[in-house]
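**Student:** Supplied in structure tokens, the structure appears directly below.
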Amino acid sequence: MENVLTQAFNGIIKERVEDTAFLKVEQTPEYAELDERITEGLHRLKDSFTTDEQRRRLQELEEAWACQKALYLNHAYRQGLVDSNVLQDVLRKYEHIAK
């Protein structure tokens, strides 16, 4: 049962991070500007390479960066869930004090 719940939770996290949070970030002007700068820089770097080995290594690096970004987004979203629960607990305590 725990495995099914873990899979369901991970599916929800994936959906929220990839399909919602990341798509919203991609639509911001800041992201578009940075993405363009990165893309241009990588193209210039790739064009400066003279061997297939250099190009292959750059591709490996790009793939590793993409995996790192996905991992970062996943952890950031999960931390947001934890922080949300902590914030709700603090607000509940404050609510009792204010009454």
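**Student:** Using the Cα centre of the chain as the reference point, and only Cβ charges (+1 on K/R, -1 on D/E), how large is the resulting charge dipole? Debye, rounded to the nearest 20.
**Tutor:** Numbers: 14 positive and 19 negative charges, 86 e Å.
Roughly 420 debye, rounded to the nearest 20.
**Student:** Which whole number in µm²/s is D for the chain by Stokes-Einstein, with the Kirkwood Rh taken over Cα pairs at 10 °C and 1.306 mPa s?
**Tutor:** Working: Rh = 17.1 Å.
The diffusion coefficient I find is 93 µm²/s.
**Student:** When the expected Rg is taken as 2.2 N^0.38 Å, what fraction or multiple of it is the alpha-carbon Rg of the range 42-99?
**Tutor:** Values: Rg = 22.5 Å, N = 58, 2.2 N^0.38 = 10.3 Å.
Normalised by 2.2 N^0.38 Å, the Cα Rg of the range 42-99 equals 2.19.
**Student:** What angle do you read, to the nearest 10 degrees and between 0 and 90, between the alpha-carbon axis of helix 52-98 and the longest principal axis of the chain?
**Tutor:** For helix 52-98, the angle is close to 10 degrees.
**Student:** Let me ask something else about it. Answer with one residue from Y72, L87, A8: the one whose Cα lies farthest towards the positive end of the charge dipole of the range 2-98, charges on Cβ with Lys, Arg +1 and Asp, Glu -1.
**Tutor:** My answer, from the dipole projection, is L87.
Each reported figure results from applying straightforward, stated rules to the coordinates on display, with no laboratory input. It should be emphasised that the depicted structure is a prediction, and the values quoted were computed from it without experimental measurement. Backbone-built Cβ (ideal geometry, glycine too); neighbour counts: all protein chains shown.
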